[in-house]
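A short write-up of the structure that comes next.
The values are calculated or read from the model by the stated rules, or taken from the named source; none is laboratory data. These numbers come from a predicted model, not from an experiment. Quick reminder, even Gly has a Cβ in these numbers, built from the backbone with ideal geometry, and neighbours come from all protein chains shown. Ligands, DNA and RNA are excluded from the accessible area calculation, which covers all protein heavy atoms including side chains. Shrake-Rupley method; radii C 1.70, N 1.55, O 1.52, S 1.80 Å.
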Amino acid sequence: MSITTEQLEQLKGAVTTRVPYISGVVPLPPQSTTLFFGRDGTTGQLGLRKPEDAQVQLLAKLCEPATFGRNQEDLLDETYRKAGKMDVENFGLNLDLGQLHIPEKIGSELLVDGRPFRWELYKLNVYGPGSFFKAHKDTPRSEAMFGSLVLVLPISHKGGELLLRTKEEVWTYDSAAILALQNEPSIGYVAFFGDIEHEVLPVESGHRITLTYNLFFAQAPAPLAQSVASVAHPFETTLAGLLKDPDFLTDGGLVGWGLKYEYPNLKGEDELVARISASLGLKAKIKVYIDLKEIWENEYSEGEFDDETWVNGLGLLLRSIPSLDSIGDESVYYYLRSAYGHSEVVRANEPTQPRGANDSDDDSDDDLDDDPDDDPDDDLDDDPDNDLDDDPDNDLDDDPDNDLDDDPDNDLDDDPDDDLDEESGEKTVTLQTGGQKKPEVWWLSEPTHACAEVPFASYGNEAQLDFIYGSFCLVIDIPSYATRKNGET
């Protein structure tokens, strides 16, 4: 038996999708009433309870033009970002984030289950009239960096709203309106994941003065925030219960989670699903999923590609982001299969039989694990360097090289002859499963968010740059009930 609709909905419903940011407002602490600043021998003091315009203007004057990061470089372009910045050695404010309980909220509300993290003060920014910052994503300062915290000081301003975007939604954080509603001097704050696109709209009047903190995952306190979570997460209790059910994937199978945030830094719901899967003894691996329909529609003519025999959701699971630098005029499909793995799968949430297809498919033995000595219930490759870390104190491996295997010689199927017709020796085009069973993936979250863009040179009348698009996903290998019952997960 596979998965019932009820079981699938139970698993999906156990992981609540949250917005990728948190925001709020806190009263200005008594010890944080004065911002001290200075540069090049000139100093000033800005009282935050009753800010003087002369000191605000002096602070703005002493700031340097703000740059932005692109391709690991800091660039200055006031048509893209117009604002002032001051480095941490040039200002000081006696402010304890812990006393404001902001880290506690980040741990419990943004990171879902209170994963340990630390924060570092990064910059002070001043957005005066006409200042703005066009849409961008933050440049990670290290592999451990997962987001930013922005504090907006109680200085009167209008405009300067912060917009946060995903593919589906846009959120607005209007610090000017929020601070204007407070009965006492207060600090606004917003924390968000760094791979969320965001922009600062033009400031109409006044000055939007902010402190930005970089947020990093951490193993040791310096400082450290970690919420106490003694109650099991609903996804853990639901999945653990289903593993004991003989009617849940009786013969084993694959459950997929399309990452919602950019890889390699797992965070939010992505980290939660990966960590809980590993804690229950399940093999959970990061893969790149590529929908084959787009490739084949581009590669073959109308006569060669027939929608009537197409199986929705037929795709490839790859161990790493493919490189197509040396593909030449070879078929992208065959290149991916030979260089990155014989790993065709079917989206189990869709019908798995083609309409009107009677041809046989010589790939009926196509499995994600091609080692005959391995456990037949194990559909994922057993390479220990491609697993989530088994250390209970470190549920996720911080080394991104351990999650995706970049060795093309260690992929899912190393034999390029599998793509050849045995009699003619010529490559064959298989555009449907032909009734033969492919490994099925039951998707809890569609693989459409965390995208991997792969450029390559395509050849027709003349060479041109083209792209294929894959999506990062977590594939969880569910053993058969017999294996689960015997405690061999």
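Using a simple spin-label model with pseudo-atoms 7 Å out from Cα toward Cβ, ALA144 and THR17 lie 3.2 nm apart.
Using a Förster distance of 60 angstrom, determine the FRET efficiency expected from the C-beta separation of GLU184 and ALA240, and round it to 0.05.
On the way: r = 48 Å, r/R0 = 0.79.
Efficiency for this residue pair is about 0.80.
On full extension, the segment bounded by LYS61 and ALA177 gains 39.2 nm, given 0.36 nm per residue less the C-alpha separation.
Of LYS82/LYS123; LYS260/LYS287; LYS105/LYS167; LYS12/LYS260; LYS283/LYS485, which sit over 19 Å apart, Cα to Cα?
LYS105/LYS167
Residues TYR261, TYR122, ordered by accessible area of protein heavy atoms at a 1.4 angstrom probe radius and largest first, appear as TYR122, TYR261.
How high is the FRET efficiency from ASP247 to SER279, r the C-beta distance, R0 25 Å, rounded to 0.05? Before the final figure, lay out the partial values.
Numbers: r = 23 Å, r/R0 = 0.93.
FRET efficiency, ASP247 to SER279: 0.60.
Here r is the Cβ-Cβ distance between THR79 and ASP40 and R0 is 25 Å; the resulting FRET efficiency, rounded to 0.05, is 0.40. The length gained by stretching the chain between ALA482 and THR166 to full extension, at 0.36 nm per residue less their Cα-Cα distance, is 109.6 nm.
With both labels modelled 7 Å from their Cα along Cα-to-Cβ, the GLU197 to VAL88 distance reads 3.1 nm.
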